[in-house]
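Reviewing the structure listed below.
The values are calculated or read from the model by the stated rules, or taken from the named source; none is laboratory data. Please read all numbers here as calculations on a predicted model, not as lab measurements. We place every Cβ from the backbone using ideal geometry, glycine too, and count neighbours over all the protein chains shown. The protein model used for the area step is the full one, side chains on, heavy atoms only, and it has no ligands, DNA or RNA in it. Shrake-Rupley method; radii C 1.70, N 1.55, O 1.52, S 1.80 Å.
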Amino acid sequence: MCGIIAYKGKDKAISVILEGLKNLEYRGYDSWGIACKSNPSIVLTKGVGNIGEVTEEEIKSELYKGKPLTIGIGHTRWATHGGVTKENAHPHQSENHRVAVVHNGIIENFEELKAKLKNIKFKSETDTEVIPQLLQYHMESRKDFEKAFVDTLKELQGNYAVVAIDQQSDKVLFGKVGSPLVIGKKEDEYFVASDIPAFLKHTNQVIYLEDGEYGSIGDSLKIYKLSNNQIINKDVQTVDWNLEQAQKGEYPHFMIKEIMEQRDSITRALEQKNSNLLKVIEMMKKAKGIFLVGCGTSFHACVSASYNFSHIAKAHVNIVLASEFRNYEEFLTDESLMIAVSQSGETADLIDAVKVAKAKGVKIISLVNVMGSTLKRMSDESLLMNAGPEICVCSTKNYTSQLAILLLLAYGFADRLEEGKELIQSAANKVEELIKNNLDKIKDLAKKLKDNKNMFLIGRDLAYPSALEGALKIKEVSYIHAEGFAGGELKHGTIALIEEGTPVITLATPETEQLINSNAIEIKSRGGYIIGIGSKKHEVYDFYIEVPNFKQANPLLMIVPIQLLAYYLAVERNCNPDKPRNLAKSVTVR
Ligand code: F6R
């Protein structure tokens, strides 16, 4: 996945685009580029690495030639086709340099298109470069930027969010299939971006584009359907995300800011209309076969919920990794129900799973954080996490919001909605105190553990998914190998890896502490260093983090110290927790 921002308005294209790209870096950060319409030609600058370090002065010295720059496009890249080089960074230009294009997605038929354009010399190894080259090709016959753009889009197969500018036109053109694109509007200024934080500083008035739509920003904004070129009237929506939520503020990283915000984000998750919750619960009660589906952290929320549905709702749910979902196709009927769980609502594996389900007539409920996302638009019903923008690549606050909503649904299923709300809110109210009481201890623990190569986490029952999620957090931001197990499982093989000093985090709930502590004793007798997390201290623990007991809501609190540990391990090891290597915020490749 990559980040796109385009601007048309006042003579401030460079600063708007540069800032927008910095706010989009979570979508990809191996290289970047900016192109502005100038006279006599489009001016362009690109760089390899992090745009976070680049200043407006540097960009200005490259682009600003004393002429107003009111139209421009920018891109931050996460490489898929072609290595991380300046040549492969976007924007890409046509051979005659007349047009420049940024793209997020994958053009599946790029080789075929390249063969058609055999007389044109390509400069990069990317699939994207076929777009400006094809545009140039069509402009030669059409003599019109917009008509040529439409012809170009019609030839593209795959996923794209694309924005193009032309040196000889004052229009910004855009289109999308499969990748997100949203338009921001502020009087006579327009923004086109992959996500709202890119322009939230300037406006909260947005228009979400649907797949198969394209448009132009000339004297005004026009949006059309690609299939028939009919103009479409779209609603302008107001987003209630605020700028503070999308900025680090006083924190050194988004990860720690987002961990700290969890009392408020869980509280906002609970602010669901009862009528919406009851509609979803009704659909669940009617369904014959419920499938909870997600990837990564969102999948761990599904695993946690499966225990809640068993214990509280006495309802059977299937939990399936989105990337494996199609193997369950034979069990789907038009009476099945899928609950698709996703922060971004753009994860390709999940979108594919939803398509498989929809083809079988399955009803889709989504739990999603990003309002205009593909998943939300594909769903029959949707509950929004209300977590606010989650900018750090690794998911923290959105995970606890997912846990909260899924737990609420389990209580609602058992006709105990209000009891569920009270329990979750009281757990949320403890987050700040939990952090305050343990912050210094966890920083010390991170210093002690930072040079370890392996770490294990065990939990039983509701604490098992917390072990899975904790291991994922530690791995992805600190690059220390960590694995989460059900308490009973470590001894079926992996215990062979326990050596003198190997850290093992044990997560105990009052219901599971006896068994988990006996697992801890076994590990300690092989030299393991035991970090106990739970509401009661035990003598086997070498290090103890107290987490108050909130029964079925325990996973909401239990994960917080591990999120903090992962964060401080990353900091101790000089890793940037906001931008882990090889990762991007939403995974739009299969
Ligand atoms: C881990 C993480 C990923 C995502 C996964 C699904 O911290 O962020 O594992 O949870 O890629 O993403 P969404 O929830 O956007 O579908």
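Over region 273-421, with the other protein chains present, what is the accessible area per residue in square angstrom, probe 1.4 angstrom?
With the other protein chains kept in place, region 273-421 gives 34 Å² per residue.
Peptides 280-286, 168-174, 372-378, 116-122: what's the order by average Cβ count within 10 Å, highest mean first?
Final packing ranking: 372-378, 168-174, 280-286, 116-122.
Which aspartates and glutamates does K12 reach when only Cα atoms under 14 Å apart count, and residues fewer than 8 places away in its own chain are ignored?
Result set, ordered by chain and number: E56, E57, D188, E189.
If a/c stays under 1.5 just call it rounded; otherwise compare a/b with b/c (prolate if a/b is bigger, oblate if not). Do that for region 3-239, with a ≥ b ≥ c from the square roots of the Cα gyration tensor eigenvalues.
The shape class here is rounded.
Of the cross-linked pairs K22/K450; K116/K154; K273/K421; K10/K201; K441/K491, which ones have a Cα-Cα span greater than 18 Å in the structure shown?
With Cα atoms farther than 18 Å apart: K22/K450; K441/K491.
Please give the solvent-accessible surface of V206 in Å², to the nearest 10, using a probe radius of 1.4 Å with every protein chain present.
0
How do E261, E25 stack up against each other in accessible area, from largest to smallest, with a 1.4 angstrom probe?
Greatest to least solvent exposure: E261, E25.
If DNA, RNA and ligands are ignored and the probe is 1.4 Å, what is the ranking of R27, R573, R460 by accessible area, most exposed first?
If we order R27, R573, R460 from most to least accessible, we get R573, R460, R27.
Please work out how much accessible surface S275 shows to a 1.4 Å probe, ignoring ligands, DNA and RNA, in Å² rounded to 10.
It works out to around 70 Å².
Explain nothing, just the number: dipole magnitude of region 160-283 about its Cα centre with +1 on each Lys and Arg Cβ and -1 on each Asp and Glu Cβ, in debye rounded to the nearest 20.
200
So for region 249-429, taking the charge dipole from beta-carbon charges (+1 Lys/Arg, -1 Asp/Glu), which of L350, H253, Y399 sits furthest toward the positive end?
L350
Could you tell me the accessible area of H492 in Å² (1.4 Å probe, neighbours in place), rounded to the nearest ten?
Its accessible surface works out to 130 Å², give or take rounding.
Per residue, how much accessible surface does region 9-161 expose to a 1.4 Å probe? Answer in Å², no decimals.
Heavy-atom SASA per residue in region 9-161 reads 41 Å².
About its Cα centre, how strong a charge dipole does the chain have in debye, to the nearest 20, once Lys and Arg get +1 and Asp and Glu get -1 at the Cβ?
Value, rounded to 20: 480 debye.
Let me know the shape class of region 249-429, please: from the alpha-carbon gyration tensor, a ≥ b ≥ c as square roots of the eigenvalues, rounded when a/c is under 1.5, otherwise prolate if a/b is greater than b/c, or oblate.
oblate
Relative to the longest principal Cα axis of the chain, at what angle does helix 397-413 sit, 0 to 90 degrees, rounded to 10?
60
Take peptides 195-202, 244-251 and line them up by average Cβ neighbours within 10 Å, highest first, as a rough protection proxy.
Highest to lowest by the protection proxy: 195-202, 244-251.
Under a point spin-label approximation (7 Å from Cα along Cα-to-Cβ), what is the N327-D144 distance to one decimal in nm?
Simple spin-label model gives 5.2 nm for this pair.
Which order do the peptides 523-535, 309-321, 384-396 take when ranked by the mean count of other beta-carbon atoms within 10 Å per residue, highest first?
With the highest mean Cβ count within 10 Å placed first, the list reads 384-396, 523-535, 309-321.
Rounded to the nearest 20 Debye, what is the dipole magnitude of region 475-590 about its Cα centre when Lys and Arg each give +1 and Asp and Glu each give -1 at the C-beta?
460
Hey, what does the equivalent ellipsoid look like for the chain, semi-axes from the Cα gyration tensor as sqrt of 5 times each eigenvalue, largest first, whole Å?
Working from the Cα gyration tensor, I get semi-axes of 44, 27, 21 Å.
Can you give me the Cα centroid spacing of region 67-118 and region 181-197 in angstrom?
Rounded to whole Å, the Cα centres lie 21 Å apart.
For the pair N454 and E112, what calculated FRET efficiency results from E = 1/(1 + (r/R0)^6), where r is the Cβ-Cβ distance and R0 = 51 Å, to the nearest 0.05?
After rounding to 0.05, the efficiency reads 0.65.
Hey, which of these cross-link pairs are over 32 Å Cα-Cα: K225/K288; K234/K358; K285/K473; K65/K186; K286/K355?
From the list (K225/K288; K234/K358; K285/K473; K65/K186; K286/K355), the Cα-Cα distance tops 32 Å for K225/K288; K285/K473.
For the chain, what % of the accessible area comes from carbon and sulfur atoms, probe 1.4 Å?
Percent of accessible area from carbon and sulfur atoms in the chain: 46.
Considering only N369, I266, L292, whose Cα is most displaced toward the positive end of the charge dipole of region 249-429, charges sitting on Cβ of Lys, Arg (+1) and Asp, Glu (-1)?
The residue sitting farthest along the positive end of the dipole is L292.
Mind checking which of L445, I495, V571 is farthest towards the positive end of the chain's charge dipole, using Cβ charges of +1 (Lys, Arg) and -1 (Asp, Glu) about the Cα centre?
V571
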